[in-house]
Amino acid sequence: MSIVRLGVIGLGNMGKGHIGYMQRGEVKGVKLTAVSDSAEPGQLWAKENLGDDVTLFADPFVMMDSGLIDAVLIATPHYSHPELAIAAFQRNLHVLCEKPAGVYTKQVREMNDAAARTDVKFSMMYNQRTNPLYQKLKDLVDSGELGEIRRTNWIITNWYRSQSYYDSGTWRATWEGEGGGVLINQDPHQLDLWQWTINMMPKRVRAFCYFGKHRNIEVEDDVTAFVEYENGATGVFVTTTGEAPGTNRLEISGDRGKVVIEDNKLTFWRLRVSEREFNATFTGGFGAPECWKCEVPVHGTNPDHKGIMQNFVNAILHDEALIAPGEEGIKGLMISNAMHLSTWTDNWVDLPIDEELYYSYLQKKIEESRNRKGVKA
């Protein structure tokens with residue numbers, strides 16, 4: 001194979017955005033040969049904006065069977081991601097999936113199992129993994145420069161969304177349409193980076209999700225969660241769509257210092273000796289390890305979505321290692337599901353979560369929503 005023939009499923013804002021940089025030739029080794037959208041607006045857009053060499057399908061499964069594509073990019077509503085990915089795997093097609101991997105881990109685990117039965121490439125569109133800031137943080141952790149992780153804190157409250165945003169689609173911010181709110185829609189990148197940069201998943205979660213606190217919606221728009229890790233470290237995650245001005249501040253404390261990412265800068269407060277060593281040898285009454293404030297240079301720009309796309313194409317053509325393996329999409333979603341489940345049960349939730357219990361609660365929320373709206377199942 002000298003070029004990857006790609007089909008895009010879903011012609012909403014994300015699908016159109018991906019098509020745009022491919023049409024501009026910003027990704028090498030890929031050619032858009034087909035698109036699929038079941039809705040009339042998407043089909044009309046395709047007819048008006050794509051040439052004759054791109055075939056339009058109303059049915060994604062027909063597109064998968066057409067022989068016109070080698071890989072698919074899935075950019076549809078959340079619930080459909082696993083179903084479409086599994087169908088592609090069954091046809092031996094490579095898959096690049098938009099975030100989130102799905103709505104609940106039970107369906108995503110089925111998707112991962114299907115991927116494991118093939119030799120195709122499977123990637124998630126976790127484009128923030130290509131951000132030099134987070135790559136540098138991960139390097140500091142992986143190299144041992146930060147020492148053992150002690151505490152993680154992420155305040156990510158700059159996801160402001162107005163009521164008009166939610167009113168723009170009846171599927172938005174509903175259990176049936178999206179499967180959640182700020183955690184499933186806005187925060188998948190942060191939840192992924194939270195575990196990816198430190199190489200640790202929480203051991204257990206205690207969360208407080210507030211549903212429709214700031215907006216007239218049925219899902220969560222304000223969350224504060226506390227997590228514990230296997231090594232004794234703790235973490236806090238705070239997010240909302242109803243705060244202005246918002247904050248985006250990630251702080252990781254380790255045995256050898258502290259890293260803060262804020263305002264697109266990475267600052268490292270580096271201890272000359274580890275806290276553990278200082279505590280074991282210091283004999284004075286008051287004191288602390290000597291600390292240097294280091295403005296860590298971060299080189300390069302974030303290639304963003306097209307960086308993940310290029311990596312996906314290179315993986316297919318040249319067996320390049322994936323930046324965001326698709327199987328890892330379940331990790332951030334597991335944390336999100338745990339936060340919901342902790343709130344619903346008013347208790348701690350151990351990870352991995354009870355997937356059947358989560359699914360049963362989700363179905364109850366969907367049914368309650370239908371009853372409120374007077375919709376028959």
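The values are calculated or read from the model by the stated rules, or taken from the named source; none is laboratory data. Note that the structure is a prediction, hence the values are computed from the model and not measured. Here the Cβ positions follow ideal geometry from the backbone for every residue, glycine too, while neighbour counts run over all protein chains shown. Heads up: the accessible areas ignore ligands, DNA and RNA and are worked out on the full protein's heavy atoms, side chains in. Shrake-Rupley method; radii C 1.70, N 1.55, O 1.52, S 1.80 Å.
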Open item on the list: If I model the stretch 247-288 as equal point scatterers sitting on the Cα atoms and use the Debye formula, what is log10 I(q)/I(0) at q = 0.21 Å⁻¹?
Closed with: -0.70
- [ ] List nothing, just return the count: lysine pairs in the stretch 24-148, 8 or more apart or interchain, with Cα separation under 27 Å.
- [x] 14
Task: Folded to 0 to 90 degrees: helix 105-116 orientation relative to the chain principal axis, Cα - done: 70 degrees
Task: Estimated vicinal HN-Hα couplings, Hz - the stretch 59-69 in sequence order (Karplus 6.51, -1.76, 1.60; Gly, Pro = x) - done: 10, x, 6, 5, 4, 4, 8, 6, x, 8, 10
- [ ] With runs of 4+ DSSP H residues as the only contributors, calculate the mean residue ellipticity of the chain at 222 nm using -39,500 (n - 2.57) per run, divided by the residue total and rounded to the nearest 500.
- [x] -10500 deg cm²/dmol
Open item on the list: Taking a cut-off of 26 Å, what percent of all Cα-Cα pairs in the stretch 19-146 are separated by more than that?
Closed with: 32 percent
Open item on the list: Between the stretch 314-344 and the stretch 83-142, how far is it from one alpha carbon centroid to the other, in angstrom?
Closed with: 5 Å
- [ ] Rounded to whole Å and ordered largest first, report the semi-axes of the equivalent ellipsoid of the chain derived from its Cα gyration tensor (root of 5λ).
- [x] 37, 27, 19
Open item on the list: Keeping all protein chains in place and using 1.4 angstrom, which order do 70, 263, 221 fall into by accessible surface area, from largest down?
Closed with: 263, 70, 221
Open item on the list: Quick query: amide H of residue 204 versus all other amide H atoms, modeled in the peptide plane; which residues come in under 5 Å with a sequence gap of 5 or more or a different chain?
Closed with: 228, 351
- [ ] Over the Cα atoms of the stretch 333-377, compute the convex hull volume and normalise it per residue, giving Å³.
- [x] 73 Å³
Open item on the list: Could you order the peptides 55-62, 292-299, 311-318 from most to least packed, using the average number of other C-beta atoms within 10 Å per residue?
Closed with: 311-318, 55-62, 292-299
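Charges at C-beta only: +1 for Lys and Arg, -1 for Asp and Glu. How large is the resulting dipole of the chain about its Cα centre, in Debye rounded to 20?
Details: 40 positive and 50 negative charges, 101 e Å.
Around 480 debye, computed over the chain.
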TODO: Any chance you could look up the accessible area of residue 32 with a 1.4 Å probe, heavy atoms only, rounded to 10 Å²?
DONE: 20 Å²
Task: Given charges at Cβ of Lys, Arg, Asp, Glu: the stretch 184-313 dipole, positive-most of 201, 281, 298 - done: 281
Task: Vicinal HN-Hα couplings computed from phi for the stretch 295-306 (Karplus, 6.51 cos²θ - 1.76 cosθ + 1.60; Hz; Gly/Pro x) - done: 7, 6, x, 10, 9, x, 10, 7, x, 6, 4, 5
Open item on the list: Angle check, please: helix 40-49 long axis (alpha carbons) against the longest principal axis of the chain (alpha carbons), in degrees 0 to 90, nearest 10.
Closed with: 80 degrees
Open item on the list: Heavy atoms of the protein only, probe of 1.4 Å, neighbouring chains included. What is the accessible area of residue 274 in Å², nearest 10?
Closed with: 10 Å²
TODO: Find out how many positive minus negative residues lie around residue 363, taking Lys and Arg as positive, Asp and Glu as negative, among other residues whose Cβ is under 12 Å from that of residue 363.
DONE: 0
